[in-house]
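Some notes on the structure that comes next.
Nothing in this text is a laboratory measurement; each read-out follows from the coordinates by a stated rule. Keep in mind that what you see is a predicted model, and the values were worked out from it rather than measured. For neighbour counting, all protein chains shown are included, and Cβ atoms are generated from backbone atoms with ideal geometry for every residue, glycine included.
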């Protein structure tokens, strides 16, 4: 339990953009072309983001956060989608491959509106870390982890049958 709690604390401390003191929140508030040092955990997740961005041909892009904020504000507060003039300027803030620059363990953002939201990948990444720990340190053969709908299963159920999951 202590090891798993440590992974969850890392998620909050490093990846949680709802935590103003998290590493990703500090990076998202960087001034244009100012640099920040990345933790080993964030370097590892950014490497996964690079792969996801490439495989999806840019459809997975954590720099979409400014656009999400505008959509949320308009839908929740005003009950309407945003108008073009409300989102047009954000095109220059979005683009993992063009707005986020990494050099070694340093990162900078190329637009004052650029920010990073890792919610689409951080929980899955953390679940993978927990599964790897359970296997490597404790010799777990069958692992099933469900963290609010993000699921990782490997091996077999303790009864010997395959894992089962359902979509509802």
Extension gain, residue 20 back to residue 1 (0.36 nm per residue minus Cα-Cα distance, nm): 4.2 nm
Sorted by Cβ density within 10 Å, fewest first, the residues 134, 75: 75, 134
Proxy reagent accessibility, fewest Cβ within 10 Å first, across 64, 3: 3, 64
Structure-derived semi-axes √(5λ) of the Cα gyration tensor in Å: which label, when the choices are (1) 29, 20, 15; (2) 33, 20, 14; (3) 41, 20, 13: (2)
Structure-based [θ]222 nm, the chain - -39500 (n - 2.57) summed over DSSP H runs of at least 4, per residue, nearest 500: -12000 deg cm²/dmol
Chain lengthening between residue 55 and residue 159 when straightened (0.36 nm per residue, less Cα-Cα): 33.8 nm
Residues 106, 57 arranged by fewest to most Cβ contacts within 10 Å: 57, 106
Residue 137-residue 103 FRET efficiency (beta carbon distance; Förster radius 30 Å; 0.05 resolution): 0.35
Gyration tensor (alpha-carbon) shape descriptor, segment 56-127, a/c threshold 1.5: oblate
